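The values are calculated or read from the model by the stated rules, or taken from the named source; none is laboratory data. Keep in mind that what you see is a predicted model, and the values were worked out from it rather than measured. FYI the Cβ positions are ideal-geometry reconstructions off the backbone, even for glycines, and counts take in every protein chain you see.
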Amino acid sequence: MHRPLLLATLLATALSSPLTHAEPPLPRSPGQPYAAGNLADRIVLTPGADAATQMAVSFRTDLRQDSTALEFGPALAGPQVVAKARQLSGSSRRLDAENGPSLYHQVRLDGLSPDTAYAYRVQGSAGWSEWHQFRTASRTFAPFSFIYLGDTQNGILEVASRSIRQALRSVARPALVVHAGDLVASRDDLAHDDEWGEWNQAGAWAYAAIPQLVAVGNHEYLDDLLPDGSESRTLGAHFPAQFALPRNGAEGVTETSYVSDYQGVRFVVLDGTSALDLGTLEAQTRWLENALKSSQARWNIVVMHQPIYTCARPEDSEPLKAAWQPLFERHGVDLVLQGHDHCYSRLTHVAGRAATRQALRNQQAIGPVYMVSVTGSKMYGLNDRAHSQPDRSAEDTQLYQTISVAQNRLSVRAYSADDRLYDAFDIQRDASGNKTLHEPDLATPAERYCTRNAGPDGLPCSARDK
């Protein structure tokens, strides 16, 4: 065997070995491994607490780039962007993973001007990245659109990327991309670092230019065995390294719960996994009430992973429902965006779709609309309630959602991965502040269900019972 080929083989073997001695070895992404190189990668832009004046950037380098360096300045119409840029520093942390060691860097951009375009680039050991450009939010309300994605989690690059890229193509200028958790599977399918490599590749440059508003899911946590033999969960090292979030959340979960105000919308992001499994439910409940009570926003949207009302699991998330749903109702939350169930559900009334039909006919006021969606390849079968309780549901279906925000209307459109409109509704607010549901007269297909073993595409159903 020639020496270069031998070295490549030895390197591939070393990189494919898990950090522990677990058997069998973890499967790897095909092609080149996702090792850190001499140019920065995994560049992600996240909004600050006030997206009009605050943004943050995270990126990864090899160990040779031991300082955190970002050049930043106003976006110019001409090519001499660097002439008006200044260099900023930030923090870094080492992360050792299946693809070897790397440094994750974070730089927080504060004191920005509202509704202003900026450009930035980041430094790797071999030089600077390309310039990325973003625009801050307006100081006051202004219409905008954003994308909402459910779990990517499985088949991230191979399958989920199609939904992500169709979503990005569908909105001319998305202000945000909202992720409802389980961005990765935490070694269900692949070596964990490969999963994060695929997640970043699926969104590529768009994740560096469009602020990513992310909720944490249970699969961003890793199982942990305590000294007494009991099981617990630990937040995986990639999540806080990959996302420079505002850190203004509940006590004990400041890395995964937060508020971000964007152009007249308050996004409140919760950590259901920590609430259910790590004892932070009470702290998050107190914080949630304050976040909603203090909101001056025109619209309030909650983002969380575990759904209040499930479309796949036999039981709802009862502890979260008992603690948080009354606050959603009391403080006028408009939308609750969720994942976890790997099916689609849009629910307005707990009494079911018949109650929604009556509310539509009588123009009755409604409370929050609860949504569940899935972006990736793993599918769960619908539970018995999903055919009658949600206004509309689907199984064995990849989706993405676009949400347009206007002064008195939220327009929500759900598309299947083949770019067909699957669901459409508006939340309309009148002069008195009452909100009613409207379903525009748009052509949508029949609801997508599996029948026995047959899926809605005429193939074997890929959804499994939960």
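Observations
- Count - residues of the range 151-174 that are touching a Lys or Arg at 6+ places or on another chain (Cβ under 9 Å) and either surrounded by fewer than 24 Cβ atoms within 10 Å (Cβ to Cβ) or of a type in the set (Lys, Arg) (or both): 4
- Among the residues making up the range 259-283, those that are under 19 Å from the mean Cα position of the chain (by Cα), farther than 30 Å from SER113 by Cβ and of a type in the set (S, T, N, Q) are THR273, SER274.
- Exactly one residue out of ARG346, ARG392, ARG353 is closer than 19 Å to ARG429 by Cβ, touching an Asp or Glu at 6+ places or on another chain (Cβ under 6 Å) and not aromatic (Phe, Trp, Tyr), and it is ARG346.
- Extreme residue, nearest to LEU176 (Cα to Cα), among residues of the range 37-96 that are assigned to a strand (DSSP E or B) and of a type in the set (Ser, Thr, Tyr): THR46
- All positions within the range 305-337 that are surrounded by fewer than 24 Cβ atoms within 10 Å (Cβ to Cβ) and touching an Asp or Glu at 6+ places or on another chain (Cβ under 7 Å): ILE308, TYR309, ARG313, LEU327
- Test: residue in the range 187-198 that is in the same structural domain as GLN401 (by TED's automatic domain parsing) and either more than 26 Å from PRO33 (Cα to Cα) or surrounded by fewer than 17 Cβ atoms within 10 Å (Cβ to Cβ) (or both): yes
- Pair list, Cβ under 7 Å, 6 or more apart: the range 295-308 residue among the hydroxyl-bearing types (Ser, Thr, Tyr), other residue modelled with pLDDT of 95 or more: SER295/ARG266
- Any hit, the range 195-216, residues being part of a loop (DSSP other than H, G, I, E, B) and under 23 Å from TYR344 (Cβ atoms): yes
Condition check ((1) within 25 Å of SER317 (Cβ to Cβ); (2) surrounded by fewer than 20 Cβ atoms within 10 Å (Cβ to Cβ); (3) of a type outside the set (Ser, Thr, Tyr)) across all residues:
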{"site": "MET371", "(1), (2), (3)": "yes, no, yes"}
{"site": "VAL374", "(1), (2), (3)": "yes, no, yes"}
{"site": "ASP391", "(1), (2), (3)": "yes, no, yes"}
{"site": "SER411", "(1), (2), (3)": "no, yes, no"}
{"site": "TYR415", "(1), (2), (3)": "no, no, no"}
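Residues checked against (1) out of contact with any helix residue (DSSP H, G or I) (no Cβ under 9 Å at 6 or more places or on another chain); (2) at pLDDT 95 or above; (3) among the aliphatic types (A, V, I, L, M):
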{"residue": "VAL405", "(1), (2), (3)": "yes, yes, yes"}
{"residue": "ASN408", "(1), (2), (3)": "yes, yes, no"}
{"residue": "TYR415", "(1), (2), (3)": "no, yes, no"}
{"residue": "LEU421", "(1), (2), (3)": "yes, yes, yes"}
{"residue": "PHE425", "(1), (2), (3)": "yes, yes, no"}
{"residue": "ARG429", "(1), (2), (3)": "yes, yes, no"}
{"residue": "THR444", "(1), (2), (3)": "yes, yes, no"}
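- Residue check for LEU222: outside the structural domain of ASP115 (by TED's automatic domain parsing), surrounded by fewer than 21 Cβ atoms within 10 Å (Cβ to Cβ), without any contact (Cβ under 8 Å) to a residue 40 or more places away in the chain and not basic (Lys, Arg): yes
- Residue among ALA365, ALA323 that is in contact (Cβ under 8 Å) with a residue 60 or more places away in the chain, assigned by TED's automatic domain parsing to the domain that holds ALA417 and of a type outside the set (Lys, Arg): ALA365
- Sole exception among (1) acidic (Asp, Glu); (2) more than 14 Å from ILE366 (Cβ to Cβ); (3) free of Cβ contacts under 8 Å to residues at least 24 places away in the same chain for ASP426, by number: (2)
- Each residue in the range 401-460 was checked for being charged (D, E, K, R) and part of a loop (DSSP other than H, G, I, E, B), and 10 pass.
- The range 261-288: number of residues that are closer than 30 Å to GLN407 by Cβ and either assigned by TED's automatic domain parsing to the domain that holds ALA49 or out of contact with any Gly (no Cβ under 7 Å at 6 or more places or on another chain) (or both): 11
- Count of residues meeting criterion [touching a helix residue (DSSP H, G or I) at 6+ places or on another chain (Cβ under 7 Å) and buried (at least 22 other Cβ atoms within 10 Å of the Cβ)] in the range 102-131: 1
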